[in-house]
Amino acid sequence: MSDITDLSFSELKKALQEKSLSSTEITLAFLERIESLNPELNTFITVTRDEAMRSAKNADTAISRGTATAYTGLPIAHKDLFCTDGVLTTCGSKILSNFVAPYDAHVVSRCKAAGLVSLGKLNMDEFAMGSSNENSYFGPVRNPWDTDRVPGGSSGGSAAAVAAKLTPLATGTDTGGSIRQPAAFTGTSGIKPTYGRVSRFGMIAYASSLDQGGLIAHTAEDLAHGLGLIAGHDSRDSTSAERSVPDYTEVLNGSLKGKVIGLPKQFFDDRLNNSMRDAMDMVLEVFKSLGASVVEISLDHVAEAIPAYYVIAPAEASSNLSRFDGVRFGYRADKPTNLLDLYERSRGEGFGSEVKRRILIGTYALSEGYYDAYYKKAQQIRRLIRDDFNHALASCDLIFGPTTPSTAFVIGEKISDPVSMYLEDIYTVATNMAGLPGGSFQAPMISGLPTGYQLTGPAFGESIILNAAHQIQMATDWHRLNPENF
Ligand code: GLN
């Protein structure tokens, strides 16, 4: 038998059900692996060892008494922007580096209620702003495939922890690509659900109209199990959708015969490099061999997605982040001379430079006289993008493309060039602008590094995405490849 930590979430679930492993054994195996490998990878900010061992013990008791749920005793770890009652919740920032949340985020409480064992809190770009996980106050996360390279961001800790088998399942959030891009860079599977599918209650806000919680794991099947747990209506989030949650695992085996895959011509133009194009072609061949057909579609306004996103997201961030003032929670500057000095120095010392850049851009875009020229215009573009997607999805079941323009880049390579960093999200942000579900799944490797393909579906069409990705994973081995040293 392979090591416990080699098993996927679904395989661990089976082992618990068959009683070939206990939750205590599983939890201990992951905690030991975290202890030995986290110093090198820096994926966890906090490891909740004692609490994890306690919940594992309770899980084993529940299993032996027959009171367990289907998921009791399985491990998970949370991106450090999900509030966790009594546990440090930093959002990757100095300004929250001493913040112990007084309640659980909706996602966290759903996982607890299902009996999942939380291993700890995962590193991330500060306030989820970034595409490389280099913006964390707690230092960069390293990609297990090549530790000189970034794991992607902002859910870089989540993706690298899954890739290095420090947890079989991790939560993440995706505002412009932060689940899908790191999944692509680390050879993992990630799903960003439809806006409103997963409650944002207790999820520290970056850009509220775009933020959406989701998951990273080894397979689409694992994501289907996890999504069923965290999706669903929550009255504490006014944008939470009042729709029932399907059993995402039930549809995984559906045939792809007759399914239509749309290829946006804007994603496959001459800016896409040859090796990435070849990798995508190989995935498309598998789709075709499973009976799907491929059609060209057009997303006419997708080129405007990045500029519009980088007005809307910072505008919302500048407003959301005004609550961090050194008074109510988090970091407070030493010996303030008056109230203004307290605000200015707490924020000046507490926020990192990328966060400050976003606050400046956002405040500018929202200021009187500029609002119509920037923010309003960006919202108009957003509507056009949404219409493009809905129009395209009338003639296909799923939209296909690369998740990222290239494979994982070297740490430090883009950090001093924000625009080239922002362009990392060129294929992912439009999905958020349209509020649609998107997933990234393992594609063929390029020069020893993972790549991902992206599927975007109709609103609340997560099961269509997971079904398609699962079928591809049943027919290929790309999701089974492991980083050599991990
Ligand atoms: N890289 C994008 C940004 O920095 C997206 C981040 C995200 O999805 N949270 O805003």
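Nothing in this text is a laboratory measurement; each read-out follows from the coordinates by a stated rule. Just so it is clear, the structure is predicted and the values come from calculations on it, not from any experiment. Because the Cβ atoms are built from the backbone with ideal geometry, glycine has one as well, and the counts that use them run over all protein chains shown.
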Just to be sure before I move on: is A468 among the hydrophobic types (A, V, I, L, M, F, W, C), crowded, with 21+ Cβ neighbours inside 10 Å, away from the ligand (no atom under 16 Å from the Cβ) and part of a helix (DSSP H, G or I) in the structure I sent?
yes
Please verify whether region 335-347 includes one or more residues that are in contact with a helix residue (DSSP H, G or I) (Cβ under 8 Å, 6 or more places away or on another chain) and crowded, with 18+ Cβ neighbours inside 10 Å.
yes
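Residue under question is T72, and the condition is that it be free of Cβ contacts under 8 Å to residues at least 24 places away in the same chain, away from the ligand (no atom under 16 Å from the Cβ), among the β-branched types (V, I, T) and surrounded by fewer than 24 Cβ atoms within 10 Å (Cβ to Cβ); does it hold?
So T72 fails the test.
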Selection count, region 426-463, where residues are surrounded by 24 or more Cβ atoms within 10 Å (Cβ to Cβ) and within 16 Å of the ligand (Cβ to nearest atom):
16
Complete set of residues in region 379-410 that are within 16 Å of the ligand (Cβ to nearest atom) and more than 28 Å from A468 (Cβ to Cβ):
F409
Considering each residue of region 169-207, count those that are within 12 Å of the ligand (Cβ to nearest atom) and assigned to a loop (DSSP other than H, G, I, E, B), and give that number.
10
Looking only at region 31-80, which residues are among the hydrophobic types (A, V, I, L, M, F, W, C), assigned to a helix (DSSP H, G or I) and more than 25 Å from T249 (Cα to Cα)?
L31, I34, L37, L41, A52, M53
Suppose the filter is crowded, with 24+ Cβ neighbours inside 10 Å, closer than 20 Å to G232 by Cα and of a type in the set (V, I, T); does I45 pass it?
no
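Within region 146-161, which residues are outside any helix (DSSP H, G or I), away from the ligand (no atom under 16 Å from the Cβ) and touching a strand residue (DSSP E or B) at 6+ places or on another chain (Cβ under 6 Å)? Break it down stepwise before answering.
Step one: of region 146-161, the residues outside any helix (DSSP H, G or I) are 146-155.
With away from the ligand (no atom under 16 Å from the Cβ) added as a condition, the list becomes 146-149.
Answer for region 146-161, where residues must be outside any helix (DSSP H, G or I), away from the ligand (no atom under 16 Å from the Cβ) and touching a strand residue (DSSP E or B) at 6+ places or on another chain (Cβ under 6 Å): D148, R149.
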Filter region 208-258 down to residues that are within 16 Å of the ligand (Cβ to nearest atom) and either assigned to a loop (DSSP other than H, G, I, E, B) or not aliphatic (A, V, I, L, M) (or both), then give me how many there are.
7
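So that you can scan it fast, the table gives a plain yes or no per residue for (1) acidic (D, E); (2) more than 24 Å from E126 (Cα to Cα):
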site	(1), (2)
D341	yes, no
S346	no, no
E349	yes, no
S353	no, no
R358	no, no
I361	no, no
Y371	no, yes
